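Below is one structure; the comments refer to it alone.
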Amino acid sequence: YPSMNLGFIFTEAAQLDSKVLSYGKFRASFANVGNGAPSPYLTSNFFNATAPVQGQLSFEPNGEIGNPNLRPETTSTIEFGTDLRFFENRFGLDVTWYRSETTDPIIISFIPSSSGYTTAVLNGDGPIRNTGLEILFNATILEAETNRQLGWESSLNFNSLRNEVVSI
């Protein structure tokens, strides 16, 4: 499964010596990963051993209909972000935007028990899309000059996530 990451620290590349902006970095990443079935027994039908009947072994069908055509679900993710620090790293701002899309999601669907089974395993048709924005602001409120034994740091985190079933 391919994955690529790229980071660029523009304050070092430009040899920026600023009293305001201490550190600046842009980053981008892409990943494509797969996910198999949650159980190795979902691609075929099988029997479970039950309590012996009159001293003989007995078996009953498993409650799930296996799917020999089950495909792994695939998720592709792209992410962009920046990390900025100000006033000798006393304040920081980290902003990340991401989008992921899952195709062929594996779904365990309930079916009428009159069929002899209770669930069926199948791949969903449409993609599921997640888009989000994360913002982290941190600040060093108090920093003792002697041995750094006393300090106060605070963080504020914001997250927005939108999940969308594109089609079924």
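For this structure, a couple of remarks:
- Checking each residue of region 112-119 against the condition of being open to solvent by less than 40 Å² (accessible area, probe 1.4 Å) and either part of a strand (DSSP E or B) or on the phi > 0 side of the Ramachandran plot (or both) gives at least one match.
- Test for Tyr23: is it assigned to a loop (DSSP other than H, G, I, E, B) and either open to solvent by 90 Å² or more (accessible area, probe 1.4 Å) or in contact with a helix residue (DSSP H, G or I) (Cβ under 6 Å, 6 or more places away or on another chain) (or both): no
- Restricting Asp104, Asp125 to residues that are surrounded by fewer than 14 Cβ atoms within 10 Å (Cβ to Cβ) and either touching a Gly at 6+ places or on another chain (Cβ under 6 Å) or under 19 Å from Thr75 (Cβ atoms) (or both) narrows the list to Asp125.
- Residues in region 52-74 that are open to solvent by less than 70 Å² (accessible area, probe 1.4 Å) and of a type in the set (A, V, I, L, M, F, W, C): Ile65, Leu70.
- From the list Ser29, Ser44, the one residue that fits, being surrounded by 11 or more Cβ atoms within 10 Å (Cβ to Cβ), out of contact with any strand residue (DSSP E or B) (no Cβ under 9 Å at 6 or more places or on another chain) and either over 21 Å from Ile107 (Cα atoms) or of a type outside the set (Phe, Trp, Tyr) (or both), is Ser44.
The values are calculated or read from the model by the stated rules, or taken from the named source; none is laboratory data. Since we're looking at a predicted model, the values are computed, not measured. FYI the Cβ positions are ideal-geometry reconstructions off the backbone, even for glycines, and counts take in every protein chain you see. Quick note on the areas: whole protein, heavy atoms, side chains included, nothing else; ligands and nucleic acids left out. Shrake-Rupley method; radii C 1.70, N 1.55, O 1.52, S 1.80 Å.
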